[in-house]
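Working notes, structure below.
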Amino acid sequence: MQRTSSFTLLEAVVVLGIISLFILIGTPFLHAKQQPNQWLSTFDGLWQSARINAQLEQRSIYFNFEENGLIIQNKQQQQRIKYPQGYTKSQQQIVEIKPNGYVSPTSVHLSNGQQTISLIFNLGGGDYRVSQKETACLYFGRNYAGT
């Protein structure tokens with residue numbers, strides 16, 4: 001009887017097991033990377049909605065950035081959302097959307113020790129932009145904080 005060279009069923013199962021182990025190990029890192037982007041998407045929806053509601057109801061709406069989460073307040077309700085896992089704010093900061101939609105220019109910085117998310121609110125109509133930067137860099141063998 002002549003034997004051909006091919007993979008046995010046992011070899012195929014072992015290879016599939018190793019590949020699935022690599023996928024399983026890599027999955028938590030994907031979720032950790034996507035989480036800040038998901039939070040920013042949620043924040044954007046809440047921000048745009050609050051701007052419209054402030055103008056329609058002619059009332060100020062406050063975004064209270066606390067150490068571990070954001071509280072959105074208007075006279076009728078209060079909503080709380082947590083920052084992405086590991087991100088914190090060093091001190092409390094309040095951003096007010098005025099009844100005409102105006103927002104004073106300011107910046108809000110959230111950090112997890114390795115990356116910083118900056119929400120930069122522009123002058124006037126309540127628009128903002130997002131900046132994400134590494135907060136530490138290695139320079140000549142020493143660790144310096146900075147952007």
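Hey, ILE97 hits all of (1) at pLDDT 90 or above; (2) open to solvent by 40 Å² or more (accessible area, probe 1.4 Å) but one; which does it fall short on?
Just one mismatch for ILE97, condition (2).
Scanning the stretch 106-115 for residues that are more than 15 Å from PHE65 (Cα to Cα) and touching a strand residue (DSSP E or B) at 6+ places or on another chain (Cβ under 7 Å), which turns out most open to solvent (accessible area, probe 1.4 Å)?
Selected residue: GLN114.
Report every pair of residues separated by at least 6 positions or lying on different chains whose Cβ atoms are under 8 Å apart, first residue within the stretch 12-35 and modelled with pLDDT of 60 or more, second open to solvent by 90 Å² or more (accessible area, probe 1.4 Å) and not in a helix (DSSP H, G or I).
What qualifies is VAL15/PHE7; GLN35/GLN85.
Of all residues in the stretch 90-102, count the ones that are in contact (Cβ under 8 Å) with a residue 40 or more places away in the chain and in a loop (DSSP other than H, G, I, E, B). Steps first, answer last, please.
Looking only at the stretch 90-102, we keep the residues that are in contact (Cβ under 8 Å) with a residue 40 or more places away in the chain, and these are 97-101.
This time we only want the ones that are in a loop (DSSP other than H, G, I, E, B), so: 98-101.
Result for the stretch 90-102: 4.
Out of the residues in the stretch 36-89 meeting the condition of being under 19 Å from LYS133 (Cα atoms) and outside any helix (DSSP H, G or I), tell me which one is nearest to the chain's Cα centre (by Cα).
PRO84
List every residue pair whose Cβ atoms lie under 7 Å apart, where the two residues are 6 or more positions apart in sequence or sit on different chains, the first residue falls within the stretch 53-72 and is more than 24 Å from ILE117 (Cβ to Cβ), and the second residue, located anywhere, is part of a strand (DSSP E or B) and at pLDDT 90 or above.
ASN53/ILE61; SER60/GLU96; SER60/ILE97
Looking only at the stretch 124-144, filter to residues that are surrounded by 10 or more Cβ atoms within 10 Å (Cβ to Cβ) and more than 18 Å from LEU40 (Cα to Cα); which one of those is modelled with the highest pLDDT?
GLY125
The values are calculated or read from the model by the stated rules, or taken from the named source; none is laboratory data. Keep in mind it's a predicted model, so treat the numbers as computed, not measured. Every residue, glycine among them, receives a Cβ derived from its backbone with ideal geometry; neighbour counts consider all protein chains shown. What goes into the accessible areas is simple: the full protein's heavy atoms, side chains included, and nothing from ligands, DNA or RNA. Shrake-Rupley method; radii C 1.70, N 1.55, O 1.52, S 1.80 Å.
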